[in-house]
Amino acid sequence: MRLLTIPVFFLAAAVATSDGDNPGIIKGTDQFEFVYQVKLPEIKGEARVWVPLAKTDAFQTVTEEKLRIPMKWEKVRDRDYGNDICVIYPQPADSGKMVEIRYRVVRKEKVAYSATEAEAAHYLRPEKLVPINETFKTLAQKATVGKTDDLERAKALYDHVMGKMRYDKSGTGWGRGDAMYACDARTGNCTDFHAYFIALARSIGIPARFAIGATIPADKNEGTIDGYHCWAEFLADGRWVPVDISEAWKNPKLANYYFGHNPANRFELTKGRDLIVDPEPASGPINFLAYPLLEMNGEIVKPETTFTFRRVKY
């Protein structure tokens, strides 16, 4: 007999409904304009910038309303995940210029959805900062004792991560999505929470994957977005199941909701880790891509980046 099920909700059409009992989430459908801006620093020597380009999928319909890149650039696609990426080639004369990508988005609340059998093996492989080793296997096996169904085992891992980790961005080492760091330090941000979960899941044969973008504030209709946000999905019973453990940690009463749902007020920019692109950065495969990656003379430089939004009606 099944002991654990993921509730599936019918998605409201073109309606953003904030849950008064559960602040921060919008169910049904959300509609918004998302503006991605990058201000280039002073360009000295050879420079390149890799910027994510959001795509339409089953849960978000994306239109590039305006793409303003006043310098040489090209669109490429990463090898393994199919992310579209803008590669910019700024010159010294482009110092201080602004790159702006303006999207219109219709986003549906995300629930478990069908997977293809071919996807499974790809998401059991280790990544540079998400290894598969005996440490993770032992922890995962201990956390899932008595569970035989993948949905139940994943829920046990979800609870384990939420109980072991603390959302804390102090010190150094956090924010890289380093599963070993998260395991040892027991602190970090959303990348660290989900890297740890993915490592645990894969270590006991549950395919799991990473996605990154932004949370659109539910309590206002326009403004600045305070940084990126990421989440994970695992494969069980032929379906990808979304989870957001760091948000569940911050809002414990939403822990059941975030096991099996992403709210409609999300915007996904890219999927996956260790992105392989051509041209490739001097630093190698891209760890993950939400903020732009700027390399100048082979060194990484952090440009000023701003995300803003405005809810719209279509």
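Checked against (1) open to solvent by less than 10 Å² (accessible area, probe 1.4 Å); (2) of a type in the set (Ser, Thr, Tyr); (3) assigned to a helix (DSSP H, G or I), residue 270 passes all but a single condition, namely (3).
In the range 136-160, the residues that are among the β-branched types (Val, Ile, Thr) form Cβ pairs under 7 Å with partners that are buried (at least 16 other Cβ atoms within 10 Å of the Cβ), at six or more places apart or across chains, as follows: 144/153; 144/156; 144/157; 144/204.
In this structure, is residue 135 part of a loop (DSSP other than H, G, I, E, B) and either hydroxyl-bearing (Ser, Thr, Tyr) or closer than 29 Å to residue 293 by Cβ (or both)? Answer is no for this residue. Residues in the range 101-121 that are in a loop (DSSP other than H, G, I, E, B), closer than 14 Å to residue 207 by Cβ and either in contact (Cβ under 8 Å) with a residue 24 or more places away in the chain or of a type in the set (D, E, K, R) (or both): 112, 115, 117. Does residue 82 satisfy the criteria of being among the small types (Gly, Ala, Ser) and over 18 Å from the mean Cα position of the chain (by Cα)? So residue 82 does not fit the description; no. Among the residues of the range 37-69, those that are in a loop (DSSP other than H, G, I, E, B) and open to solvent by 60 Å² or more (accessible area, probe 1.4 Å) comprise 42, 44, 46, 55, 56, 58.
When residue 180 is tested against (1) open to solvent by 30 Å² or more (accessible area, probe 1.4 Å); (2) touching a residue at least 12 places away in the same chain (Cβ under 8 Å); (3) farther than 14 Å from residue 197 by Cα, only condition (3) is not met.
All conditions but one from (1) touching a Lys or Arg at 6+ places or on another chain (Cβ under 9 Å); (2) modelled with pLDDT of 95 or more; (3) of a type outside the set (Asp, Glu); (4) not in a loop (DSSP other than H, G, I, E, B) apply to residue 17; the one that does not is (2).
The condition of being of a type in the set (Phe, Trp, Tyr), under 26 Å from residue 311 (Cα atoms), out of contact with any Ser or Thr (no Cβ under 9 Å at 6 or more places or on another chain) and at pLDDT 95 or above holds for only one of 228, 257, that being 257.
Taken together, the residues in the range 257-267 that are of a type in the set (Phe, Trp, Tyr) and either part of a strand (DSSP E or B) or closer than 17 Å to residue 174 by Cα (or both) amount to 2.
The residues of the range 203-256 that are part of a helix (DSSP H, G or I) and open to solvent by 10 Å² or more (accessible area, probe 1.4 Å), listed by number, are 203, 247, 249, 250, 252, 253, 255, 256. Against the condition at pLDDT 95 or above and either over 30 Å from residue 143 (Cα atoms) or in contact with an Asp or Glu (Cβ under 8 Å, 6 or more places away or on another chain) (or both), how does residue 200 come out, does it pass? No: the conditions fail for residue 200.
Selection of the range 103-123 for residues being within 27 Å of residue 291 (Cα to Cα) and either open to solvent by 60 Å² or more (accessible area, probe 1.4 Å) or more than 20 Å from the chain's Cα centre (by Cα) (or both) yields 104, 108.
So, residue 100, is that one farther than 18 Å from residue 271 by Cα, of a type in the set (D, E, K, R) and either modelled with pLDDT of 95 or more or open to solvent by 50 Å² or more (accessible area, probe 1.4 Å) (or both) or not? For residue 100, the condition - farther than 18 Å from residue 271 by Cα, of a type in the set (D, E, K, R) and either modelled with pLDDT of 95 or more or open to solvent by 50 Å² or more (accessible area, probe 1.4 Å) (or both) - is met.
Condition test on residue 314, is it at pLDDT below 95 and either closer than 28 Å to residue 43 by Cβ or in a loop (DSSP other than H, G, I, E, B) (or both)?
So residue 314 passes the test.
Tell me, please, whether a residue that is without any contact (Cβ under 8 Å) to a residue 60 or more places away in the chain and within 19 Å of residue 240 (Cα to Cα) can be found in the range 162-172. There is no residue in the range 162-172 that is without any contact (Cβ under 8 Å) to a residue 60 or more places away in the chain and within 19 Å of residue 240 (Cα to Cα). What about residue 278, is it touching a residue at least 40 places away in the same chain (Cβ under 8 Å), open to solvent by 40 Å² or more (accessible area, probe 1.4 Å), more than 29 Å from residue 157 (Cα to Cα) and more than 16 Å from the chain's Cα centre (by Cα)? In short, yes. Within the range 141-164, the presence of a residue that is in a strand (DSSP E or B) and open to solvent by less than 70 Å² (accessible area, probe 1.4 Å) is excluded.
The values are calculated or read from the model by the stated rules, or taken from the named source; none is laboratory data. Bear in mind the structure is a predicted one, so any value in this text is a computation, not a measurement. Neighbour counts run over all protein chains shown; Cβ positions are idealised from the backbone, glycine included. When the accessible area is computed, the model is the full protein with side chains, heavy atoms only, and any ligands, DNA or RNA have been set aside. Shrake-Rupley method; radii C 1.70, N 1.55, O 1.52, S 1.80 Å.
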